[in-house]
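Q: One structure, pasted below without further comment.
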Amino acid sequence: NSPSIVLNVNGIEVIYNHVILVLKGVSLQVAQGQIVALLGGNGAGKTTTLRAISNLLRAERGEVTKGSIALREERIENLTPADLVKRGVVQVMEGRHCFAHLTIEENLLAGAYILKSQAQISANLEKVYAYFPRLKTRRTSQAAYTSGGEQQMCAIGRALMSNPSVMLLDEPSMGLAPQIVEEVFEIIKDLNQKEGVTFLVAEQNTNMALQYADYGYIMESGRIVMDGAAAELRNNEDVKEFYLGMG
Ligand code: ATP
């Protein structure tokens, strides 16, 4: 009884500026209810893969030139990011991207733009605060004056406000102290287990990501070079030698 596939990326090529071939045939699958880690060093192509899935390449002058991307049974290459949010797919971009001049609560409310019901918005806000108690205590603070960890939580919390079933996270650990990284990953695990959210997490912090993921893909120079169950990858000698020191 294998779990159903939510995201199916099949042989995609991505070219920036019409000439720079960055993804050279990337295939990966994310099963319902899993946390899948997309690993690899700087410039391996993790961000580009996430942008291809959530259709955010155009702003970067990039395009998918080969292959296909499906959400459950539906091809999604031609959907807008807003269409994807309506289908339950949200991306949390690298570098957190909170609105610096808005308060934490205003940032969270901005994530609820697709919801019409005020009751639903209030309920989601309470849910976010239950998962991120730190955000509740900082709700009236301007995002610019909160810590890096709080801003990362705010970015994830804002994405949660739209009731996603699939979250794409780009380097949630970036720039955070190890203890805060662990706190963020614990919340990811909770959201996965209690809310049933499926995650695709791009990370350079292989060690942390493989502790929480079910499955992992390792990228190098625009290709997947290895994949397997997280427990297997953690014990793989090549992974230990080349990747476990990173992050
Ligand atoms: P990082 O952790 O640095 O974000 P990454 O694995 O996410 O690394 P990408 O950001 O996807 O890697 O970058 C993959 C390659 O594509 C790199 O060589 C990068 O220089 C190149 N690249 C990324 N964005 C663009 C762009 N807008 N135009 C041209 N090349 C780009």
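Please treat every number below as a calculation from the coordinates, not as lab data. As the structure is a prediction and not an experimental result, all values here were calculated from the model. All Cβ positions, even for glycine, are placed from backbone atoms using ideal geometry, and neighbour counts span all protein chains on display.
Q: Show me, for segment 142-151, the HN-Hα J-couplings you get by feeding each phi into the Karplus relation (A = 6.51, B = -1.76, C = 1.60, θ = phi - 60°), rounded to Hz, glycine and proline as x.
A: 5, 3, 4, 9, 9, 6, x, x, 5, 5
Q: Another question about this same structure. So what is the orientation-averaged projected area of the chain, using the convex hull of its C-alpha atoms, in nm²? Walk me through the numbers before you get to the answer.
A: Values: hull surface 52.8 nm².
Dividing the Cα hull surface by four gives the mean projection, 13.2 nm².
Q: Which whole number in µm²/s is D for segment 139-247 by Stokes-Einstein, with the Kirkwood Rh taken over Cα pairs at 20 °C and 1.002 mPa s?
A: D = 143 µm²/s.
Q: Still on this structure: Greater than 20 Å separation of Cα atoms is the criterion. Which listed pairs, LYS116/LYS194; LYS46/LYS127; LYS127/LYS194; LYS24/LYS66; LYS116/LYS136, meet it?
A: Beyond 20 Å: LYS116/LYS194; LYS46/LYS127; LYS116/LYS136.
Q: Moving to a separate point now. Which cross-chain or sequence-distant (5 or more) residues have an amide H under 5 Å from the amide H of VAL6, H modelled 1.01 Å from N in plane?
A: The list, which skips near neighbours in sequence, is VAL30, ALA31, GLN32.
Q: Specify the longest stretch of the chain that does not include any exposed loop site, a site being one of the chymotrypsin sites (Phe, Trp or Tyr not before Pro) with a non-H, G, I, E, B DSSP assignment and at most 15 other Cβ atoms within 10 Å.
A: My reading of the result: 114-247 is the longest stretch.
Q: Compute the distance in nm between two label points, each set 7 Å from the Cα along the Cα-to-Cβ direction, one at ASN42 and one at ARG72.
A: The two pseudo-label positions are separated by 4.1 nm.
Q: Now for a separate question. Add -39500 (n - 2.57) for each DSSP H run of 4 or more in the chain, then divide by its residues: what number comes out at 222 nm, to the nearest 500 deg cm²/dmol? It would help to have the intermediate numbers written out before the result.
A: Details: 10 runs with 90 residues, N = 247.
Dividing the helical sum by the residues of the chain leaves -10500 deg cm²/dmol.
Q: Note the full-extension length gain between GLU182 and SER147 as 0.36 nm times their separation in residues minus their Cα-Cα distance, in nm to one decimal.
A: 11.1 nm is the gain from fully extending GLU182 to SER147.
Q: Of all the stretches in the chain, which is the longest one without any exposed loop site, taking trypsin sites (Lys or Arg not before Pro) in a DSSP loop (any state but H, G, I, E, B) with at most 11 other Cβ atoms within 10 Å?
A: The answer is 117-247.
Q: On a C-alpha basis, how far is the centre of segment 101-172 from the centre of segment 26-51 in Å? Whole number, if you could?
A: When both Cα centres are located, 24 Å separates them.
Q: Within a 10 angstrom radius of the beta carbon, how do SER221, SER162, SER4 rank from fewest other beta carbons to most?
A: SER4, SER221, SER162
Q: Evaluate 2.2 N^0.38 Å with N set to the residue count of segment 1-108, then give the Cα radius of gyration divided by it.
A: Numbers: Rg = 15.0 Å, N = 108, 2.2 N^0.38 = 13.0 Å.
My calculation over the Cα atoms of segment 1-108 gives 1.15.
Q: Using the Kirkwood radius built from alpha carbon pairs, what does the Stokes-Einstein equation give as D for segment 54-150 at 20 °C and 1.002 mPa s, in µm² per second?
A: Roughly 137 µm²/s, to the nearest whole number.
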